[in-house]
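**Q** My questions all concern the structure below.
The values are calculated or read from the model by the stated rules, or taken from the named source; none is laboratory data. As the structure is a computational prediction, the values presented were derived from the model and not from experiment. Quick reminder, even Gly has a Cβ in these numbers, built from the backbone with ideal geometry, and neighbours come from all protein chains shown.
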């Protein structure tokens, strides 16, 4: 498990980051990075999050909080654009004190990016208190951030 997480991080952060914005066919900029603060019912409960968008539909996020950490892929439908409401899903794996170790989270959410690149995002979904136990609960996250 640790090897998989380290490999994922290595691949995610070794991709080129020289183009921070790109133009789509409609002329509105597409962002590549999102930094946000989150409050959640999953670990990390209070924390900071960084997301890298590889395409307008696919990204990867990492969140670090007071007593937890999480990371995983994120998929947007339709693509991320300013002044549009988009839906997202993903598969988040993490470690946290309240989860009593390693956990999994499958978010289904909604995001909105303003024309000044401020982000408001909310997701909810099944959450395992511990990956090694068969019990599922409900997890939720609220994020406020800035895209660049």
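**Q** For segment 58-76, give me the residue count where each residue is closer than 13 Å to residue 33 by Cα and modelled with pLDDT under 95.
**A** Number satisfying all stated conditions: 0.
**Q** State which residue is surrounded by the fewest Cβ atoms within 10 Å (Cβ to Cβ) when the search covers only segment 94-125 and only residues that are in contact (Cβ under 8 Å) with a residue 40 or more places away in the chain and over 17 Å from residue 65 (Cβ atoms).
**A** 117
**Q** Another one. Determine whether residue 22 is in a strand (DSSP E or B), surrounded by 10 or more Cβ atoms within 10 Å (Cβ to Cβ), at pLDDT 85 or above and in contact with a strand residue (DSSP E or B) (Cβ under 7 Å, 6 or more places away or on another chain).
**A** no
**Q** Filter segment 66-93 for residues that are touching a residue at least 24 places away in the same chain (Cβ under 8 Å) and over 23 Å from residue 30 (Cα atoms); which is surrounded by the fewest Cβ atoms within 10 Å (Cβ to Cβ)?
**A** Ranking the candidates gives 67 first.
**Q** Can you name the residue in segment 126-138 that is part of a strand (DSSP E or B) and either more than 22 Å from residue 66 (Cβ to Cβ) or under 13 Å from the mean Cα position of the chain (by Cα) (or both) and is also modelled with the highest pLDDT among such residues?
**A** If we take residues in segment 126-138 being part of a strand (DSSP E or B) and either more than 22 Å from residue 66 (Cβ to Cβ) or under 13 Å from the mean Cα position of the chain (by Cα) (or both), then 126 is modelled with the highest pLDDT.
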